[in-house]
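Undergrad: Quick one: the structure is below, and I'll ask about it shortly.
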Amino acid sequence: MATFTKRTVTIQPQARLCMQKLGISEDDVLTAINEWESGEVDATDPQTAQTLAAYPETEAEIPAFYDSERDFPERNEIINVKYSTSIRQHRGKTRIFAIVHWVCVRPSLADLFSPEAQPRDIDWLQPKPKRTIQ
């Protein structure tokens with residue numbers, strides 16, 4: 001897959017708003033997209049996924065939708081970036097560009113299974129008291 005830079009990535013307004021609310025920088029997004037070894041990257045379009053499985057050498061040539069995750073252990077979170085790619089001619093060269101559609105975070109797996117994260121004894125199965133309208 002291509003290596004993306006700030007010049008080859010466009011961040012949609014809804015993704016930028018998420019980034020602002022979550023305190024995620026453009027560099028974090030680029031890192032999540034570019035570091036394949038750190039997470040799962042799947043084509044979300046089934047036809048594209050089948051084509052990539054049949055012809056893995058064409059991965060860098062096929063525009064597709066992707067879901068990329070990267071663990072940031074120093075922040076105890078995993079950043080998930082949903083983006084699509086497109087191929088364009090730029091100054092006589094074929095270049096791959098990315099459009100970031102959505103960015104979200106979740107706790108790292110280590111945090112999910114820590115004793116502090118385990119559910120407490122909550123009476124969530126108990127019926128809620130009836131409210132009276134006055």
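The values are calculated or read from the model by the stated rules, or taken from the named source; none is laboratory data. This structure is a prediction, so every number in the text was calculated from the model and none was measured. Cβ coordinates were reconstructed from backbone atoms using ideal geometry, including for glycine residues, and neighbour counts include every protein chain displayed. Ligands, DNA and RNA are excluded from the accessible area calculation, which covers all protein heavy atoms including side chains. Shrake-Rupley method; radii C 1.70, N 1.55, O 1.52, S 1.80 Å.
Undergrad: What order do 16, 88 take when sorted by accessible area (1.4 Å probe), most exposed first?
TA: Values: 16 85, 88 105 Å².
So the residues, ranked largest to smallest area, are 88, 16.
Undergrad: Could you calculate the contour length gain from residue 51 to residue 7, that is, 0.36 nm times the residue separation minus the distance between their Cα atoms, to one decimal place in nm?
TA: Numbers: separation 44, 0.36 × 44 = 15.84 nm, distance 2.77 nm.
This chain segment gains 13.1 nm when fully extended.
Undergrad: Same structure, new question: Zone of residue 17 (label point 7 Å along Cα→Cβ, backbone N under 17 Å): which residues in the range 74-91?
TA: What the label zone holds, given the 17 Å backbone N cut-off, is 82.
Undergrad: Using packing as a proxy for protection, rank 76-83, 6-13, 89-96, 64-71 so that the peptide with the highest average count of other Cβ atoms within 10 Å comes first.
TA: 76-83, 64-71, 6-13, 89-96
Undergrad: Output wanted: per-residue J couplings in Hz (rounded whole) for the range 77-82, from phi through Karplus 6.51 cos²θ - 1.76 cosθ + 1.60, θ = phi - 60°, x for Gly and Pro.
TA: 8, 10, 9, 10, 10, 9
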